[in-house]
1. May I ask you to say which residue of ALA59, ALA158, ALA122 is free of Cβ contacts under 8 Å to residues at least 12 places away in the same chain and either open to solvent by less than 70 Å² (accessible area, probe 1.4 Å) or touching a His at 6+ places or on another chain (Cβ under 6 Å) (or both)?
2. For region 163-174, how many residues meet the condition of being open to solvent by less than 50 Å² (accessible area, probe 1.4 Å) and either modelled with pLDDT of 95 or more or part of a loop (DSSP other than H, G, I, E, B) (or both)?
3. Being of a type outside the set (S, T, N, Q), under 17 Å from GLY138 (Cβ atoms), touching a helix residue (DSSP H, G or I) at 6+ places or on another chain (Cβ under 8 Å) and modelled with pLDDT under 95 is true for just one of GLY99, GLY75, GLY92. Which residue is that?
4. Just give me the residues in region 62-106 being within 16 Å of the chain's Cα centre (by Cα) and either more than 20 Å from GLU131 (Cβ to Cβ) or exposed (fewer than 12 other Cβ atoms within 10 Å of the Cβ) (or both), in sequence order.
5. Among the numbered criteria (1) at pLDDT below 95; (2) closer than 30 Å to PHE164 by Cα; (3) over 17 Å from the mean Cα position of the chain (by Cα), which one does ARG57 miss?
6. Out of all the residues in region 141-155, which are within 19 Å of HIS60 (Cβ to Cβ) and open to solvent by 60 Å² or more (accessible area, probe 1.4 Å)?
7. Any idea which of TRP104, TRP145, TRP116 is closer than 19 Å to GLY50 by Cβ and modelled with pLDDT under 95?
Amino acid sequence: MAGDGAAEPGDPLSRNPDLSGPAGGAAARGVGVDPARSAQMRLVRGKDTGPEMVVRRLAHGLGYRFRLHRRDLPGAPDLVFAGRRGIVFVHGCFWHRHGDPGCWRARLPKSRPEFWVPKLSANAARDASVEAALRADGWEVLVIWECETTPTRRRALAERLDGFLGGKIRPQES
């Protein structure tokens, strides 16, 4: 019967039992999925991450004002400085494939490389195309990596951010 969540005869979902049902299949319902892995993945956020908050506080402390996650721009950039035509992306080293060989956060998982390699490579390819589209529209783009937001590297990050946005960094007060 239509509307009760069951697949109709001839429906493409009825041919594949893994895709039928109200939740979209066994994997979507959590059957055969490690609960510890699911709990860990639920903690991964797309915005308002710790590294992003560090960069936002730095930019604000330097006197810059910005907009967040403008969805009308390709890639919904993390910070948009419209008056300066500047965009800042704060990338997680793992998810966006930080190319620095000294960055331990960017290492590939040892389990299921057949899943992770294409997924993470697609993320990096999408990042490159988004950056190219923004540059073609006249935006300057700065990518800040998660490993650059550590407490020991914040002064250098503030100088880099201030240099990108065209200001002068204020001397540290004692």
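The values are calculated or read from the model by the stated rules, or taken from the named source; none is laboratory data. As the structure is a computational prediction, the values presented were derived from the model and not from experiment. When we count neighbours, we look across all protein chains shown, and the Cβ atoms used for this are built from the backbone with ideal geometry, even at glycine. Heads up: the accessible areas ignore ligands, DNA and RNA and are worked out on the full protein's heavy atoms, side chains in. Shrake-Rupley method; radii C 1.70, N 1.55, O 1.52, S 1.80 Å.
1. On the way: ALA59 fails: free of Cβ contacts under 8 Å to residues at least 12 places away in the same chain; ALA158 fails: free of Cβ contacts under 8 Å to residues at least 12 places away in the same chain.
It is ALA122.
2. Counting residues in region 163-174 that are open to solvent by less than 50 Å² (accessible area, probe 1.4 Å) and either modelled with pLDDT of 95 or more or part of a loop (DSSP other than H, G, I, E, B) (or both) gives 1.
3. Working: GLY99 fails: under 17 Å from GLY138 (Cβ atoms); GLY92 fails: under 17 Å from GLY138 (Cβ atoms).
Answer to the check: GLY75.
4. Kept after step one, since they are within 16 Å of the chain's Cα centre (by Cα), are these residues of region 62-106: 68-71, 73-80, 87-99, 105-106.
The answer is ARG71, GLY99, ARG105.
5. Of the numbered conditions (1) at pLDDT below 95; (2) closer than 30 Å to PHE164 by Cα; (3) over 17 Å from the mean Cα position of the chain (by Cα), the odd one out for ARG57 is (1).
6. Hits for region 141-155 are PRO151, ARG153, ARG154, ARG155.
7. Numbers: TRP145 fails: modelled with pLDDT under 95; TRP116 fails: closer than 19 Å to GLY50 by Cβ.
One residue alone meets the criteria, TRP104.
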